[in-house]
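The values are calculated or read from the model by the stated rules, or taken from the named source; none is laboratory data. Remember, it's a predicted structure, so these values are computed and weren't measured experimentally. Here Cβ is always computed from backbone atoms with ideal geometry, including for glycine, and neighbour counts include all displayed protein chains. Heavy atoms of the whole protein, side chains included, go into the accessibility calculation; ligands, DNA and RNA do not. Shrake-Rupley method; radii C 1.70, N 1.55, O 1.52, S 1.80 Å.
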Amino acid sequence: MAIVNDICIVEHDEKLASEVADFFIRSAGEARDRPFRVALSGGSTPSKLYRLLAGDRANRVKWPHVQFYFGDERCMPPDHAESNFKLANDTLFRPLGIDVAQVFRIEGEAGQPDLAARRYEETIRQQFGIPFPAWPRFDLIFLGLGDDGHTASLFPGSPALGEKVRAVVVSESPRGVTHRITFTAPLINHARSIVFMVAGLHKAPAVRAVLEDDTVNATHYPAKLIRPIEGHLIWYLDRAAASALT
Ligand code: 6PG
């Protein structure tokens, strides 16, 4: 199947969260007789999305069918302000009363990131029933975009960019919390749907570089690695983040 690059540009970040929430609801509704497996992105952009899904649209999803994973995590306790799990737990899981058995957290705080990465990959493989070397196929993977072109915790120049065998590896961030655990590009690219959600003028140069600039490569802009193999890739952008696109 050809790569399908849909770009949805909306006026502002409130409308962005609303459009993405509706996409989530539609996608979850399609997984009728099996778990709907979604990997959440980190950072701050998803917070409006989580509040919408846990708010007035909560009754539009059969939540017991949803399994929550994380596309990346900072190696710190789950109650730390920088934890990607904490944001989702505070604004989505707790308000919705999501059963802990439906949430698969990356346990990177124990001081052995590579072991945590291997364990997380094993958890995914066991839940999906997909042994190595086949690739587990998420229903939906959410991604953010850093202003340096990173996505998940795939940072420019990182050895993780070239990973072709493992689904989950350790990574190092050049800024902020350094030790990370991240999905690799092959795992992301095997998803049925991949959704970038990007807001803000400061992201516009990276959005243009990733979507339009063929003179820069994925080493410098890792989000260029995201090319679904048999899936759907959609970029949801607010007008500010899209403002440098031609
Ligand atoms: C992380 C994220 C990362 C994030 C982007 C955008 O753990 O930091 O997974 O890839 O999505 O950096 O972050 P903001 O949404 O905060 O701009």
- [ ] Take segment 192-217 and flag every residue that is of a type outside the set (Asp, Glu), in a loop (DSSP other than H, G, I, E, B) and more than 15 Å from the ligand (Cβ to nearest atom).
- [x] ARG192, THR215, VAL216, ASN217
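So that you can scan it fast, the table gives a plain yes or no per residue for (1) touching a Gly at 6+ places or on another chain (Cβ under 9 Å); (2) crowded, with 21+ Cβ neighbours inside 10 Å:
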site	(1), (2)
ARG137	yes, no
GLY144	yes, yes
ALA152	yes, yes
PRO156	yes, no
GLU172	no, no
HIS179	yes, no
PHE183	yes, yes
SER193	yes, yes
GLY200	no, no
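Out of GLU109, GLU82, I need the residue that is over 19 Å from the mean Cα position of the chain (by Cα) and either within 16 Å of the ligand (Cβ to nearest atom) or open to solvent by less than 70 Å² (accessible area, probe 1.4 Å) (or both). Which one?
Numbers: GLU82 fails: over 19 Å from the mean Cα position of the chain (by Cα).
Sole residue among the options that is over 19 Å from the mean Cα position of the chain (by Cα) and either within 16 Å of the ligand (Cβ to nearest atom) or open to solvent by less than 70 Å² (accessible area, probe 1.4 Å) (or both): GLU109.
For ASP139, are the conditions met, namely being away from the ligand (no atom under 16 Å from the Cβ) and under 12 Å from the mean Cα position of the chain (by Cα)? Full working, then the answer.
Details: away from the ligand (no atom under 16 Å from the Cβ): yes; under 12 Å from the mean Cα position of the chain (by Cα): yes.
Here the answer is yes, as ASP139 does meet what is asked.
Would you check if there is a residue in segment 52-70 being within 16 Å of the ligand (Cβ to nearest atom) and either loosely packed, with under 14 Cβ neighbours inside 10 Å or part of a helix (DSSP H, G or I) (or both)?
For segment 52-70, residues within 16 Å of the ligand (Cβ to nearest atom) and either loosely packed, with under 14 Cβ neighbours inside 10 Å or part of a helix (DSSP H, G or I) (or both): present.
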Open item on the list: With the requirement that a residue be more than 14 Å from the ligand (Cβ to nearest atom) and loosely packed, with under 14 Cβ neighbours inside 10 Å, what does segment 27-51 give you?
Closed with: GLY29, GLU30, ARG32, ASP33, ARG34
